Structures are given as C-alpha cells and as structure tokens.
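The values are calculated or read from the model by the stated rules, or taken from the named source; none is laboratory data. These figures come from a predicted structure and were not determined experimentally. Counting neighbours? That spans all protein chains shown, and the Cβs are built from the backbone with ideal geometry, glycine included.
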Amino acid sequence: MGSSVRELAEKTPAGRDRYIDLLRVASLGTVVVGHWLMAAVTVGDDGHAEVGNLLAVVPGLQPLTWLLQIMPVFFFVGGFSHALSYRSLRRKTPGGSVYSAFLRARLQRLLRPTMVFIGVWGAAALLLQLLGQGGALLDVTLRLVAQPLWFIGIYLAMVAFTPPLLRLHERYGWGAFGGLVLAAGAVDTARFAFGVPYVEFLNFAFVWLAVHQLGFLRADGRLRMPGVPLPAALAAAGLAGAAALVALGPYPLSMVGMPGERVSNMAPPTFALLCHGMWLVGAVELLRQPAVRWLARPRVWRGVVAANGVSMTAFLWHLTAMLGVYGTLIAADVPLPEPASAAWWAQVPLRMVAAALLTAVLVAAFRRFERPSRARESAAVAPGAVSGPAAALGVALCLFGVLGLSMVGFGGLLEGRTAMVVAVRMTAPVAVGMALAGWLLVERAGRRSAG
C-alpha cells in the first residue's frame, strides 16, 4: 500500500485543495477518538455491561464538546466536494443523466463499505441470536455498533439535495445560506416558544443543510474576500450565538447527546448546534494558511492521502474495535475501574492503543471495499441506465434503512424491536432490506457503459 500512496501523493494535481482532505480526515478522526475516550463501561453484579458517557459522569468536561463535536466540519467539507463534483459532471454528462451519475460517483465509496459493514454485522448478529448467545457486553454491542450509521443517513440526504441547493446557491449566494439559517431558527421558535409538536425534526434538514451550504460558499471562494475578515466574523458570530443560546435559552451545554436529557443539541439538531457549526467553520478557515504550508511537506501529505483512503472504513468499525477491547477485558476478568477514577484514567491510554490496533486490523480486512471503481466520472452514462427519479428512490431507501438500523441496532433482528423514522415504523430486518435495495438502485443508476 505504501508505494500506491506515494504514487497518489506525487500525482496530486497542483490545484487540489489539500486542506479540504486534511479536514475530512481530522473530523472523522476526532469523532473516533472522542468515542473511545467518552465510553464509560461498567459491569453490574448480574454480569451485564452498560456503556455510559464520561461527560455524564464528569459534567465539567462538557465544554470540551465545543471542540470535539466536529461533525459540522465534515458536512462543510462535503458541501465543498459535492459542489465541485456536480459541476464537473454537469459539464461532461448528458443532461438527463447528471443526477444519477452524480449520486453513484459521490456515494460509491460511502455505500460500499457501509453495506459490507451491515452485511457482516447482520450475519453475525443473526447467527448469535439463533445460537442463543447474549449477556455481558454482547447485547449492548449489537445495539451500539450501528449507532454511527445515523451519520451515513444524514450524509445521504446532503448528497441527494446537492443539485437543487446548488442551484439556489448559484442564484442567491449567501442568501440561500441565510434562508436555511432563518428556517432553522423558526423551527426552534415554534418548538420552544409555541410547543408545536414534531416540528423539531425539520432541523435534521435545515441545520445540516445550512452547514453544507457553507461548503458551497467555500467552493466559490466566498468565505474569503479582500479586506473582509469573513472567517473571523463567522467564528465570532457563531461562538457568541451558541454561548448566548446556552446561557439564556433551553439549550444544554453539551454539543453531543447526553443520556436522559430532555433537550439534546444533536437529536434533533438545534439552532445552538448550527451556531456551533458556524464557529467551527470560521475557525478552521482561520487556520487554513498555516495548514496549507504544513501540507506542502511530502511526508505529511502522504499521511493525509493514506488516511483518506481508509477513513470511512475506520469510522464504521471503530466502535466494534472499542467494544472488542472491553469485551476482551471482561472475558479475561480484568477489573474495570470506576469511570473517571484515577485507575480509569490510567487505563485510558492502554485501551485507546488497543482499540487503534484492532481498528487497524479491521481496516486491513475491509479497506478494499472503500476503493473507488475504475470507472471515471467523466465516462458516459449507459443509455439504459436507471432514471434520476429511480436513483433518488434508491437514496431515500438507503437513508431510511441506515437511520432505522442506527436506532434499532443489530440486536433487533429476531427481537422485533422497532423505531419510528419520520412516519415509518422500522424493524431491523426491514431496515437492512431497505438499505440493500436502495444501494442496488444507486449502483445501477449511474453505471457507466463499457465502451
């Protein structure tokens, strides 16, 4: 792999925005490390394990989420990349085929490793349940390993909405972003001031799409204007807004979900989280120039290229690795210290190194599914390819499937556990079936002709 990484790094086009690649890796890496650090596993007298949150044990650490909740940066990076990709395809692809080609081009590296993850864990969970295995940490693992799939579902929506929102951006610029910000604020006003039921779920779209829209602005160079400190203004406005909302409004301090809290900034997203995203985007833009100089070093850039090639695989499997480490400790009768105790903190580096090593093993096993196909985005779409509406249906099925699975987990395959996704009641088998069917539609939709 080393030689291929070196070749890819050396062939990097001069105009490529390397900082965007660094932000993609750094945001996913921060999420992985945050999950490993915040997991507080305890074993009760009955032998069953529970996975708590360190931030609930030590509330004084919750301000750290204003740095570690970095998912808005990933969606910002997505907006930048989606804008460039769609415009490139729009120039090279027949009009009626652009949408389906865009979906497949952007989702192939996302959905292939995701479907492998779902297939492997689905088969393992089904076998374990048929054999009657459970207890200790296994039941919790079957539920928790699917939780990161919520991110995949939201990202699918970002891709699906790129063409219409990019057209709005090209017509209105900052006005399109401002409209989404106003919509997110109106949703929270209806929710908290007037008690309108279910309206809060609209902010799954408005909040994340607003951050995604900032990526469009970045792609057009509108986050940097001569004589105008836009990144500093964005960071200051976002930080001040988030602080004011938390101090004066009904918003919690933590920018990640906390067990038992009545209001979460994450699920569904709040206007405070949107402000948090704005300040993060402004902050990373302020760091752009020194980072670009750092990335000019060949060794640094090779590291970023290598990490980008496996980042989604590592993200999908990192909780499996973490829970595998805890499961090994429990099976070996190694005492688990009380979370946040001195002994617990002393054990943290060892657990994290072990989780990183196990993640590396899993990445080595599954990384080939993250590699893009040999087909190029510039190739023509097959005349018989599925239409854009069918491709959109595929994305919708994938979205509902992965979101449903993130809520019910793999442990519900035989248990009949259900969850509501918008207005659809989902079970694990239905979620798996929808995800697989949607993926097949997306794959076929943008398939290129052989010649």
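Observations
- Search result, residues across region 308-323 that are modelled with pLDDT under 95 and small (Gly, Ala, Ser): Gly309, Ser311
- Answer from Ser81, Ser85 - the residue that is touching a helix residue (DSSP H, G or I) at 6+ places or on another chain (Cβ under 8 Å), assigned to a helix (DSSP H, G or I) and either more than 22 Å from Gly277 (Cβ to Cβ) or at pLDDT 95 or above (or both): Ser81
- Residue among Val51, Val25, Val33, Val41 that is touching a residue at least 40 places away in the same chain (Cβ under 8 Å), under 30 Å from Ser81 (Cα atoms), of a type in the set (A, V, I, L, M, F, W, C) and surrounded by 19 or more Cβ atoms within 10 Å (Cβ to Cβ): Val25
- Failed item in (1) of a type outside the set (Lys, Arg); (2) under 15 Å from Tyr326 (Cβ atoms); (3) at pLDDT 90 or above, with Gly122 passing the rest: (2)
- Single residue of region 65-114 satisfying the filter (more than 14 Å from Ala160 (Cα to Cα) and among the hydroxyl-bearing types (Ser, Thr, Tyr)) that is surrounded by the fewest Cβ atoms within 10 Å (Cβ to Cβ): Ser88
- Every residue from region 287-312 that is among the basic types (Lys, Arg) and either free of Cβ contacts under 8 Å to residues at least 60 places away in the same chain or not in a helix (DSSP H, G or I) (or both): Arg293, Arg297, Arg299
- The condition of being touching a residue at least 24 places away in the same chain (Cβ under 8 Å), out of contact with any Asp or Glu (no Cβ under 9 Å at 6 or more places or on another chain) and surrounded by fewer than 22 Cβ atoms within 10 Å (Cβ to Cβ) holds for only one of Leu217, Leu280, Leu248, Leu239, that being Leu239.
- Residues that are within 23 Å of Phe204 (Cβ to Cβ), small (Gly, Ala, Ser) and either surrounded by fewer than 16 Cβ atoms within 10 Å (Cβ to Cβ) or at pLDDT 90 or above (or both) do not occur anywhere in region 133-140.
- Subset of region 214-231 (residues that are at pLDDT 95 or above and among the hydrophobic types (A, V, I, L, M, F, W, C)): Leu214, Phe216, Leu217, Ala219
- Region 1-71 holds helices (runs of 4 or more DSSP H) entirely within its bounds, and those carrying 1 or more residues that are touching a helix residue (DSSP H, G or I) at 6+ places or on another chain (Cβ under 6 Å), among the hydroxyl-bearing types (Ser, Thr, Tyr) and at negative phi map to 18-38.
- Cβ separations smaller than 6 Å between residues 6+ apart or across chains give the following pairs from region 68-95 residues that are farther than 18 Å from Leu22 by Cα to residues that are part of a loop (DSSP other than H, G, I, E, B) and not acidic (Asp, Glu): Lys92/Ser378.
- All positions within region 88-116 that are out of contact with any helix residue (DSSP H, G or I) (no Cβ under 7 Å at 6 or more places or on another chain) and either polar (S, T, N, Q) or under 29 Å from Phe410 (Cα atoms) (or both): Ser88, Ser97, Gln108
- For region 28-70, residues that are under 26 Å from Asp139 (Cα atoms) and hydroxyl-bearing (Ser, Thr, Tyr) total 1.
- Of the residues Pro259, Pro349, the single one that is surrounded by fewer than 16 Cβ atoms within 10 Å (Cβ to Cβ), in contact with a helix residue (DSSP H, G or I) (Cβ under 6 Å, 6 or more places away or on another chain) and within 23 Å of Val31 (Cβ to Cβ) is Pro259.
- Residue list for region 95-132, restricted to those being hydrophobic (A, V, I, L, M, F, W, C) and outside any helix (DSSP H, G or I): Leu131
- In region 313-360, the qualifying residues are those that are assigned to a helix (DSSP H, G or I) and touching a strand residue (DSSP E or B) at 6+ places or on another chain (Cβ under 7 Å), and the one that is farthest from Val58 (Cα to Cα) is Ile330.
- Flag set for Leu253, criterion: modelled with pLDDT of 95 or more and part of a loop (DSSP other than H, G, I, E, B).
- Residues in region 329-346 that are of a type in the set (Val, Ile, Thr) and surrounded by 15 or more Cβ atoms within 10 Å (Cβ to Cβ): Ile330 only.
- A Cβ distance below 9 Å, combined with a sequence gap of six or more or placement on separate chains, defines the contacts here; from region 165-191, residues that are among the hydroxyl-bearing types (Ser, Thr, Tyr) reach residues that are in a helix (DSSP H, G or I) and modelled with pLDDT of 95 or more in the pairs Tyr172/Gly178; Tyr172/Gly179; Thr189/Phe271.
- Qualifying positions in region 425-451 - surrounded by fewer than 17 Cβ atoms within 10 Å (Cβ to Cβ) and modelled with pLDDT under 75: Ser449, Ala450, Gly451
- Long-range neighbours under 7 Å by Cβ, at least six apart or interchain, first residue of a type outside the set (A, V, I, L, M) within region 323-347, second loosely packed, with under 13 Cβ neighbours inside 10 Å and part of a helix (DSSP H, G or I): Pro337/Ala343
- Assessment of region 168-176 against the conditions (more than 18 Å from Val77 (Cβ to Cβ), among the aliphatic types (A, V, I, L, M) and surrounded by 20 or more Cβ atoms within 10 Å (Cβ to Cβ)) yields at least one matching residue.
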